[in-house]
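Presented below is the structure to which this report refers.
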Amino acid sequence: MREFLLEINDLIVLHKRDVNVYDYIQEYTNLARSTIIKILSDLKKGHYIVVEKGKLITINSLPERY
């Protein structure tokens, strides 16, 4: 998950936040949407990432286990 978030963060610079973080991760992993939502929710609660309307806004610092 961590690698995908970092990859999306790099895409943001190129595509002006046109990437939906949930869809992007689901497309490249076998994770269920509910699992993706849970993980991203935990990361938002921990102030590791900022997601608004499905778009990744910023990554503050990601823990290694994600």
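Each reported figure results from applying straightforward, stated rules to the coordinates on display, with no laboratory input. Quick caveat: nothing in here was measured; it's all calculated off a predicted structure. FYI the Cβ positions are ideal-geometry reconstructions off the backbone, even for glycines, and counts take in every protein chain you see.
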Checklist entry - Do the sum for the chain: with -39,500 (n - 2.57) for every DSSP H run of n ≥ 4, divided by all residues, what is the mean residue ellipticity at 222 nm, to the nearest 500 deg cm²/dmol? => result -16500 deg cm²/dmol
Next on the checklist: Counting other beta carbons within 10 Å of each residue's own, what order do Arg2, Arg33 fall into, fewest first?
Outcome noted: Arg33, Arg2
Checklist entry - So how strong a dipole does the chain carry about its Cα centre when Lys and Arg Cβ are +1 and Asp and Glu Cβ are -1, to the nearest 20 debye? => result 300
Item to check | Spin-label model distance (nm) - Lys45 vs Thr58, 7 Å beyond Cα toward Cβ | outcome: 2.2
Checklist outcome for this item: Mean 1/r over distinct Cα pairs of the chain, inverted to a Kirkwood Rh in Å, yields 11.7
